[in-house]
Ligand code: ATP
Ligand code: MG
């Protein structure tokens, strides 16, 4: 089976979809189901995110007891599965057909399902789950009845362990679902259920993957990017907004991209040079200070970076600790323990790799190429005290612009519900107008 959570449907699903009539798609979740009495907000967030992810397909999304049901005509099933299988919180999806609670109808549907999907001689098994226990036949009795009909009409061999084709039914109170092949989702938790963070977003491969992983665990994230241009316009046609779009669009979300100029920091360095081997550490501390100010204003609870232990000289444990010391907020590092190969594979699967590898002038490349590997906090603080960093920080914030990335900007009401407990500052929409 191909990697379906990231958009490509396996062939058996494609064949099944093309050869049969469906009424919609069922979406099942796992971790959300474990949340007991707290599950309502999780399911609500999943429904809201799913609604937005499939909005352009005009699909009706309903929340049933333990699942979402997306009603749509057969010709839209493929697109719904593709889009739905990227939404965080989804364990798996499957095309469904609604059937009457009548065993003859179920047997007929099973026969056509087998004939449509199975090459001649394929083994099969029927699986029935009775959610409605009042149905007159037990699951096993129903499986036997339907299985016997398939054998009678197709001479197909039954194989209960590892069959070529599984014909699945679920018996609910009002109807029975015939389920097509499962398409795995990405798992995780619906975005917006675990608070709000701010990701330091570079022009590299790692930070988009870090943002993806933190969203997968239910955090809503905005992005802050430090650019090396005198004004932000060159960023507009660069890979930066495209990578951001690739992260948020599949979730049906929009986010803020804060664009902060790097040059005030550079001016501070020029006005009072610091030891070149400390420049990068000083800049990392500067970035987290700027980001923390933004976080304070926009209600982010933590910062996120694509840091990775030992990947480059600036990412030793000592240097990470010295950077952390400058941040009043916790810094989350989802990639800390990943190998670079693992990060690149993930970037390819989520669809950011080919964008991230496009050329771009990132500001870290302007700093000394031989950074200290074991920065000493006192030495760093002493170098900092000689620099006009407060002034640079204020200048960065006053020249910063904010763009919206992801799906088209939501209405004010939508923005308010985007994060369950987000606090939108009063001046947010005024600042956005600068973009
Ligand atoms: P790669 O390692 O693939 O070049 P990266 O995004 O990890 O990309 P690094 O130079 O390793 O880049 O930087 C470590 C982290 O510091 C980044 O993941 C990112 O969180 C943050 N960072 C670096 N440069 C910037 C920048 N220009 N703007 C915002 N954050 C940045
Ligand atoms: Mg990196």
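The values are calculated or read from the model by the stated rules, or taken from the named source; none is laboratory data. The structure presented is a predicted model; accordingly, all values stated were derived computationally and were not measured. We place every Cβ from the backbone using ideal geometry, glycine too, and count neighbours over all the protein chains shown.
Observations, loosely collected:
- Residues satisfying the stated conditions in segment 297-320, i.e. in a helix (DSSP H, G or I) and either within 12 Å of ligand 1 (Cβ to nearest atom) or in contact (Cβ under 8 Å) with a residue 40 or more places away in the chain (or both): 297, 298, 313, 314, 315, 318, 319, 320
- Exactly one residue out of 288, 260 is in a strand (DSSP E or B), within 15 Å of ligand 1 (Cβ to nearest atom), touching a strand residue (DSSP E or B) at 6+ places or on another chain (Cβ under 9 Å) and modelled with pLDDT of 95 or more: that is 260.
- Only residues that are in contact (Cβ under 8 Å) with a residue 60 or more places away in the chain, farther than 30 Å from residue 101 by Cβ and either within 16 Å of ligand 2 (Cβ to nearest atom) or under 14 Å from the mean Cα position of the chain (by Cα) (or both) were counted across segment 171-195, and they come to 8.
- Helices (runs of 4 or more DSSP H) fully within segment 136-249 that include at least 2 residues being out of contact with any strand residue (DSSP E or B) (no Cβ under 9 Å at 6 or more places or on another chain) and assigned by TED's automatic domain parsing to the domain that holds residue 285: 206-216, 239-248.
- Evaluation of residue 225 against (1) touching a residue at least 40 places away in the same chain (Cβ under 8 Å); (2) within 16 Å of ligand 2 (Cβ to nearest atom) (one fails), failing number: (1)
- Matching residues, segment 334-351, being more than 22 Å from residue 219 (Cβ to Cβ) and within 15 Å of the chain's Cα centre (by Cα): 348
- Which listed residue is out of contact with any strand residue (DSSP E or B) (no Cβ under 7 Å at 6 or more places or on another chain) and either modelled with pLDDT under 95 or within 15 Å of residue 198 (Cβ to Cβ) (or both), from 345, 316: 316
- Taking the criterion of being within 11 Å of ligand 1 (Cβ to nearest atom) and closer than 15 Å to residue 363 by Cα, the residues of segment 207-245 that qualify are 207, 224, 225, 226, 227, 228, 235, 240.
- Residue within segment 306-317 that is buried (at least 16 other Cβ atoms within 10 Å of the Cβ) and within 19 Å of residue 392 (Cβ to Cβ) present: no
- Yes/no for residue 291 being under 21 Å from the mean Cα position of the chain (by Cα), more than 16 Å from ligand 2 (Cβ to nearest atom), in the same structural domain as residue 393 (by TED's automatic domain parsing) and buried (at least 17 other Cβ atoms within 10 Å of the Cβ): no
- Flag: residue 255 does not match the condition of being more than 12 Å from ligand 1 (Cβ to nearest atom), closer than 19 Å to residue 380 by Cβ and either modelled with pLDDT of 95 or more or in contact with a helix residue (DSSP H, G or I) (Cβ under 9 Å, 6 or more places away or on another chain) (or both).
- Residues that are without any contact (Cβ under 8 Å) to a residue 60 or more places away in the chain and either under 23 Å from the mean Cα position of the chain (by Cα) or within 30 Å of residue 191 (Cα to Cα) (or both), drawn from segment 237-272: 237
- Among (1) within 22 Å of residue 172 (Cβ to Cβ); (2) under 26 Å from the mean Cα position of the chain (by Cα), the one test that residue 83 misses: (1)
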